[in-house]
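All remarks here apply to the structure that follows.
The values are calculated or read from the model by the stated rules, or taken from the named source; none is laboratory data. Please read these numbers as outputs of a predicted model, since none were measured by experiment. Neighbour counts run over all protein chains shown; Cβ positions are idealised from the backbone, glycine included.
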Amino acid sequence: MSQPHINVIHEDYTSSGRYVVTLPGHEGEAEMTWRSGGPGVIIADHTYAPPAMRGTGAADAMMRRLIEDARNKGLRIVPACSYVRAQFQRHPEWADLQIDIG
């Protein structure tokens, strides 16, 4: 059974930003934040979904939007957040977008 469409809002503040999901009937908002890691690189540094939104597909929807935006903009992603790092491990087809900086 597939998840219903989840609308993900992208707030871009130039050198940082976030992806946000709100769901009818669920209190709060889920968010995934990022900051610039230099030219062509963003650092995905935090993902959070309130307890009432866990299991709804909100975090997955934000991750997929991050991947889509990175592909469209020619960006690479540093997975500084444990959720983003785990998703890259689960999706080897995204490996070309992952970059680790030390």
(request) Mind counting the residues in segment 71-101 that are closer than 22 Å to Thr22 by Cα and of a type in the set (A, V, I, L, M, F, W, C)? (result) 2
(message) Cβ-Cβ under 9 Å, sequence separation 6+ or interchain: first residue in segment 5-28 and more than 14 Å from Tyr48 (Cα to Cα), partner among the small types (Gly, Ala, Ser) and in a loop (DSSP other than H, G, I, E, B). Which pairs?
(response) Ile6/Gly57
(message) Which numbered condition in (1) of a type in the set (Gly, Ala, Ser); (2) touching a His at 6+ places or on another chain (Cβ under 9 Å); (3) modelled with pLDDT under 95 is the only one that Gly17 fails?
(response) (3)
(request) Select from segment 85-102 the residues that are aliphatic (A, V, I, L, M), exposed (fewer than 12 other Cβ atoms within 10 Å of the Cβ) and either at pLDDT below 95 or within 15 Å of Trp34 (Cα to Cα) (or both) and list them in ascending order. (result) Ile101
(request) Scan segment 55-71 for residues that are among the basic types (Lys, Arg) and within 8 Å of the chain's Cα centre (by Cα) and jot them down. (result) Arg64, Arg65
